[in-house]
Every structure is written in C-alpha cells, then in structure tokens.
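Just below is one structure, and these are the notes that go with it.
The values are calculated or read from the model by the stated rules, or taken from the named source; none is laboratory data. This is a predicted model, so every value here is computed, not measured. Note that each Cβ is placed from the backbone with ideal geometry, even for glycine, and that neighbours are counted across all protein chains shown.
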Amino acid sequence: MTTALSLPQVRRGGRRGPRMLWQRRRLPWLPLAIIAFVLVLPALLAPLITVHDPLRGVLGDRLLPPVWQDGGTWTYPLGTDKQGRDVLTRLVYGARISLLVSTAAIVVGALVGTTLGLVAGYFGGFVDKVIGWLVDTFQSLPMVLFALVVVAAIGPSFVTIIAIISATIWAVFARLVRGETLSVRESAYVARARVAGASAPRILLRHVLPNVANSLVVMATLQVGVVILEEASLSFIGAGIPRPQPSWGIMVADGREQLLSSWWLSFFPGVAILVVVLSLNLVGDWLRDYLDPKLRQQV
Amino acid sequence: MSGSTLVEVEDLSKHFRVTGGPLGVRTAGHVRAVDGVSFRIGAGETLALVGESGCGKTTISRLMLRLETPTTGAITLAGRDVHRLDRAGVRWFRRKVQAVFQDPWASLSPRMRVGDIIAEPLVVNERLSRTRVRLRVADMMGLVGLQPWQARLFPHEFSGGQRQRIALASALITEPDLVVLDEPVSALDVSVQAQVMNLLKDIQRERGTSFLLISHDLASVRYIAHQVAVMYLGEIVEQATADEIYERPRHPYTRALFDAILPAHPDDRRPGSDAADEVPSPLNPPSGCRFRTRCPHATDVCGHAPPRTALPGGGSVACHLYPATAGSTKGPVRQ
C-alpha cells in the first residue's frame, strides 16, 4: 500500500494559477468609486459624517436651497426640505436604508431561489414542475399591485418591504440556478461523486453549488440595482419604507410637490438612485465578463 | 487467469424509451442500448469491452456503477444482485466498486482541492478521523506517483495524466474489488497513456483489483486486458481471452475492427475486410444477426439469430459461420 511506484515526480514551481483580480482586466474604477462613496461608506458611517438629525428638522430653516444658490449656507450643503431637515443628511441615512433593504432582500431571495433551483434542477420530475409553476406565477405578478395589496393587508414596515422584494426576486435566482444545475448534474464529476457514494445533499452542496457560485455572485450584484430601484418605487408610491424614515424613494416622492420651486428635494435623491443603480449594473456586467463570459446571453 | 468469479452479468438489457409526438409523451420506440449481454469478471482480472461508439459499452459501465437500472437481467457482485441492495448493501457496494471516467478534465470538481477529491469515497462511506483520512490520501497519492503536498492544489494545476492519476487514487482509496475504467486513457497524450496503463497493471498485480475496461483503443486493450468482449449494437458478438482474440479473431465484426488498427508500417496493412456503411440505428436493429447489413459474409441464414458457439479457453462467438456443433478453432467456413 505504501510502495510508491516509480513515476516521474512533479516539480514544484511553474504552477499555473489564476492571476489576481486586478491583473486580469481593468477594474471599473469609476462605478466602484461611486458605489463606495455614494452607497457603502455613507451607509456604514452615517452618524460620523453628518451633524444633523435625519428625522427632525429645524423649522426656521425650511426649504433652504443648496449652498451655491442664493440663500444657501454651508450648514446645509444640499439644502433643506419643507420640515427643515438637511437633504444631505437624509441622503446619507437613505443610503443606509437602501443598502440594508437590498442586502436583506437579496440574501433572502437568493437563499430561497438557490435552494429551490438546486432541488428543481437536480431532482427534476414532479418537483421541478411544481417549482417551475411557482417561478412562472411569481414572475408574472405585477410587482406594484402585489406590493400594494400586501402593504394594505399587513401595513408598511421594514420586514414587509424586504419580504415583498424577496418574493419578487427569488424566482430569478431559482431560474438561473436550476439551469446551471441541469448542466452540472450531467457532468462527469457529479457522476464520479455518485459512484463514490455521496448523498444528494452532499453533491448539491459540495459539487453543484460551488460551480454555480460564479453565476450567483454576478446575479446578486445585478439584482442590487434592481432592488434599490424597487424599494425606491415602492417607497415613492407609499407602499415601502414607513415615513419619516429617509428612503431615497420617499425623498423623491415628497419633493414632487415643490418640484418647481425647490428642485433640489427630488433632484439629489434621484441622482443618487441613478448613479448607484447604473454603477451597480456596470460592476455586475464587468463581474459577469470577468467570471463567466458564457453567462452573457442568460442574464 | 481463472480466479474466483467476482462479477457475473446475466442477460443484461437496458432499453431507453424514445418519446415523440407533439407533446413528447407518445412512445416512439425503444433504443436497445444493451440487449441480452452476459459475461463474468474473475477476481484480479481485467475484462475489456470494445466496440465502436454507440455500441452500448458505456451503458454497461453505467449499469455496473448503479447509475442506471437494467430493463432486464442482473449484475451480481460477490454473489449479491447489485440492483437489489438495501441501504447497508448500497454502502457496501460503494466501497467495493469505484470508477475512473474518460475525461480527466471533466471528472474532477474544479472547485475542490485534490486532497478532498481523493478522500471523497472514503469520507462518505466510512467514519474516520481527519488524520486517518489524510494519511490514507497521502498513501494513495504516493501510490499513483504524486506528492502529498499536492493535496492542497486544485485540479486545474495538474496535467491530464496527473489528473487521471488523481482520479485513480480517488477510485482506489476504499480498496475496491472492482474499478470500472471508462476509456481511462483515450483523452490523454500517447506518451502519458503508457504511463497510466503501466500504473493500472502494477496496481492490479499488487492489490488483486479487477478492472472492467471500456475502450475503443485496441492496442491499449491488448496491453492490459485478460478477457476481451467485442460489442456491436448492444450485443456481445465475440468474447475470448485477449491472446485468443488477437491471434484468432473469429467474428467478421471482430476482424473488421482489428483490421482497422493502423499497423506500425503501412506495408503490414492487411487487405480489408472493412465493414461497409453506417451502423444501423439501435432504435430498429436488423433482425437475426445485427451485423448482417454490413457483413461481407452475410447470407440468408443470417436473418435468423446466430448460435452462440463456445470457444476454447472459455470464450464464445455468435455467428452463423461457426455452427454450435462444430466447435472449430480454425478460421471461418468460407461460403
């Protein structure tokens, strides 16, 4: 058993490994910077970088314009709303809500979708059919109507909006993972694992999941933008984050009434949504090309 | 070469339903991938299944590995029907039978470390401490000529031959009685093929492992097989010891197959008994002898099922050229 047969030994060195991320292809610096400085850093450091209260304003300082316009002051660089709250502060705290909601919704959606996709793709048959029907049903639900009904029934809250958004995105993950699982299931290494005696859960976790992880990461990144947009839309129509929390969507909605006189109320949160979602999509595209060019047609 | 019998395959068939019609639910027919195949493998022996693409040899290997269930017939391993095992029986079977697949680029999980790949059959079948597993993995890596430190690497850091040796180490770690080798070297460079085949021979000599070798490479088969079974359209047309079948191929298909091997020198090429035309569809195989549509010796009698004639040394051939009574060891009766 321990006798080594004389075969040429393998030399160390000359190992081919994947080069580091930033050596392969130029990183999308600008989108990454926008995500970092508009979304992630403000969300994490909100209390440290603002001096005002996001919820309670100074009524004497209502509807002040941004600093570069007549009447603007450095105390409120992007102006104030009709309750005298600092727009910049609310933007920063809004980033926190966007990040929180999107992370939670994507984690829940991806978890549910991935589990169902793995099961559907690997076992096939009746289970696959049932999950397929569920996916089709959820994908054909009009999201806004669905959200309005749910919110009307159980009232707006963080948990409600996360649940609503998860419910609308899990099907995307389920569909993606099911497809990838179908192809991985037929691979020789899954056959080998079955011959080795590995159980279905073990095969799914050790062999299938790691090999669909690339696609999952790409999909999750692309979905962050979608979710932020969904949250903003729901908040805009009043079915999202309960007031007076400073969601970007709520800020756009509330600024609408003064749009002609106080343009900055809707403009800055609108721009924040635009550049963040655009950047997330660019980073997602880049990640997709970097990790798996063949995914291009599927997403 | 006649040890005790390890594997007994009797009248094994596997038919795949082909669906058709607008809804894809109507049965359009059955592909008879494997049809009434019988053979045995002795302990410490290598049986080679040879034949052209689509003849059913890979289906047999999948049946042998319990990746498919047979339509009829049975496979017996050490006296137990492998398709009628209880849970404990399946665990026993998984330790006794392992496999090495054709393409070493596809058969190792790209996201697993080589050490984990090699250990997998052990980890899922036996309760062992991590240290014991690591020691067994190191043993196996030594056996196939790899360094223990390489257990930390990923499959893409190895060459094709090394990867096939990794697959072999994994297959051997539970000390199985039978290893199914599905085209183990056909994806490798010729220089590496010899290396892997020598390794297989050494392992068989040291541990008495039986091999079921699926191959279309007749040169490599001759090098390591004791018994050879030639398949055509889901049936075994001839079966004999390797020496016998290479010296005296009897069935016209066997001869056509062997004549297709390119000799070392072009002048050595035997004038052809080349089989004409395409292989008929296994959906609708010819009646009687399935080779008769391409056989240079075909006559009217070939419309009936050919007799299976025993050959000296325990083989058999299924062809009307060799009537059951004659038992001739000479060449074919020319008509």
Checklist line | The lone exception for A:Ser187 - which of (1) of a type in the set (Ser, Thr, Tyr); (2) more than 14 Å from chain B (Cβ to nearest Cβ); (3) over 28 Å from A:Glu231 (Cα atoms) it fails | finding: (2)
Check: Under the condition of being assigned to a loop (DSSP other than H, G, I, E, B) and among the hydrophobic types (A, V, I, L, M, F, W, C), which residue from the stretch B:278-302 is modelled with the lowest pLDDT?
Finding: B:Val279
Note to self: Quick test for you: out of B:Ala88, B:Ala28, pick the one residue that is over 26 Å from A:Ser187 (Cα atoms), among the hydrophobic types (A, V, I, L, M, F, W, C) and within 14 Å of another protein chain (Cβ to nearest Cβ).
What the structure shows: B:Ala88
Note to self: Looking only at the stretch B:298-316, how many residues end up being surrounded by fewer than 18 Cβ atoms within 10 Å (Cβ to Cβ) and over 22 Å from the mean Cα position of the chain (by Cα)?
What the structure shows: 8
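Show me the strands (runs of 3 or more DSSP E) entirely contained within the stretch B:4-111 in which 1 or more residues are at pLDDT below 90. Let's see the steps before the verdict.
Details: elements: B:5-20, B:26-42, B:46-50, B:72-77, B:97-100.
Passing ranges, in order: B:5-20, B:26-42.
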Notebook entry, point to check: Which of the helices (runs of 4 or more DSSP H) contained wholly in the stretch A:174-270 include at least 2 residues that are surrounded by 20 or more Cβ atoms within 10 Å (Cβ to Cβ) and touching a residue at least 40 places away in the same chain (Cβ under 8 Å)?
Noted result: A:209-236, A:248-255
Check: Within the stretch B:19-32, can one find any residue that is surrounded by 18 or more Cβ atoms within 10 Å (Cβ to Cβ) and of a type outside the set (Asp, Glu)?
Finding: yes
Item checked: Condition check for A:Ala167: under 21 Å from A:Val127 (Cβ atoms), away from every other protein chain (no Cβ under 14 Å) and either touching a Leu at 6+ places or on another chain (Cβ under 9 Å) or polar (S, T, N, Q) (or both) -> yes
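Tell me the residue from B:Thr69, B:Thr19 that is of a type outside the set (Gly, Ala, Ser) and more than 14 Å from every other protein chain (Cβ to nearest Cβ), please.
None of the other options fit; the residue is B:Thr19.
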Check: Residues that are at pLDDT 90 or above and of a type outside the set (D, E, K, R): which helices (runs of 4 or more DSSP H) entirely in the stretch B:121-229 hold 3 or more of them?
Finding: B:130-143, B:160-172, B:190-207
Notebook entry, point to check: How many residues are hydroxyl-bearing (Ser, Thr, Tyr) and surrounded by 14 or more Cβ atoms within 10 Å (Cβ to Cβ) when one looks only at the stretch A:113-148?
Noted result: 3
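Anything in the stretch B:132-172 that is free of Cβ contacts under 8 Å to residues at least 60 places away in the same chain and of a type in the set (Val, Ile, Thr)? List them, or say none.
Within the stretch B:132-172, B:Val133, B:Val137, B:Val144 meet the criteria.
Conditions (1) more than 9 Å from chain A (Cβ to nearest Cβ); (2) under 27 Å from the mean Cα position of the chain (by Cα); (3) surrounded by fewer than 20 Cβ atoms within 10 Å (Cβ to Cβ), marked per residue:
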| site | (1), (2), (3) |
| --- | --- |
| B:Ala78 | yes, yes, yes |
| B:Arg84 | yes, yes, yes |
| B:Pro148 | yes, no, yes |
| B:Phe154 | no, no, yes |
| B:Leu168 | yes, yes, no |
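Evaluate the following for B:Ile245: is it out of contact with any Pro (no Cβ under 8 Å at 6 or more places or on another chain), buried (at least 23 other Cβ atoms within 10 Å of the Cβ) and in a helix (DSSP H, G or I)?
yes
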Next item on the list: With the condition kept exactly as written, say whether any residue in the stretch B:127-136 is within 8 Å of another protein chain (Cβ to nearest Cβ) and surrounded by 15 or more Cβ atoms within 10 Å (Cβ to Cβ).
Entry: no
Next item on the list: From (1) of a type outside the set (A, V, I, L, M); (2) crowded, with 16+ Cβ neighbours inside 10 Å; (3) within 25 Å of the chain's Cα centre (by Cα), pick out the condition that doesn't hold for B:Ser159.
Entry: (2)
Note to self: Given the condition farther than 13 Å from B:Ile166 by Cα, more than 9 Å from every other protein chain (Cβ to nearest Cβ) and of a type outside the set (A, V, I, L, M), answer yes or no: does some residue in the stretch B:91-99 qualify?
What the structure shows: yes
